[in-house]
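Engineer: Starting off with a structure, shown below.
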Amino acid sequence: MNPELPKDPFMLFSFVNMKLRDQYASLDELCDDLDVNREVLETTLGSCGFEYSPEQNKFW
């Protein structure tokens with residue numbers, strides 16, 4: 001995962017949702033721009049119960 005991303009999953013959740021809300025139209029766009037593996041990101045956030053909603057463009 002990108003070393004600039006927060007390591008704590010709850011901080012990561014907040015950071016990613018902020019970026020999705022303010023800068024990116026999709027999770028794929030965020031991952032491409034920040035050089036993040038989408039599967040790793042979803043697995044990391046999923047381990048805390050968060051799931052990505054493409055319709056809402058955010059993690060719940």
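The values are calculated or read from the model by the stated rules, or taken from the named source; none is laboratory data. None of the values given here were measured: they were computed from a predicted structure. Here the Cβ positions follow ideal geometry from the backbone for every residue, glycine too, while neighbour counts run over all protein chains shown. Please note that ligands, DNA and RNA were not included when accessible areas were found on the heavy atoms of the full protein model with its side chains. Shrake-Rupley method; radii C 1.70, N 1.55, O 1.52, S 1.80 Å.
Engineer: Going by what's in this entry, would ARG21 be described as charged (D, E, K, R) and within 10 Å of the chain's Cα centre (by Cα)?
Structural biologist: Here the answer is no, as ARG21 does not meet what is asked.
Engineer: Another question about this same structure. Show the residue pairs that are 6+ apart or on different chains and have beta-carbon atoms under 7 Å apart, the first residue being within the range 3-17 and farther than 13 Å from VAL40 by Cβ, the second being open to solvent by less than 70 Å² (accessible area, probe 1.4 Å) and assigned to a helix (DSSP H, G or I).
Structural biologist: Filtered contacts from the range 3-17: PRO6/LEU12; PRO6/PHE15; PHE13/LEU45.
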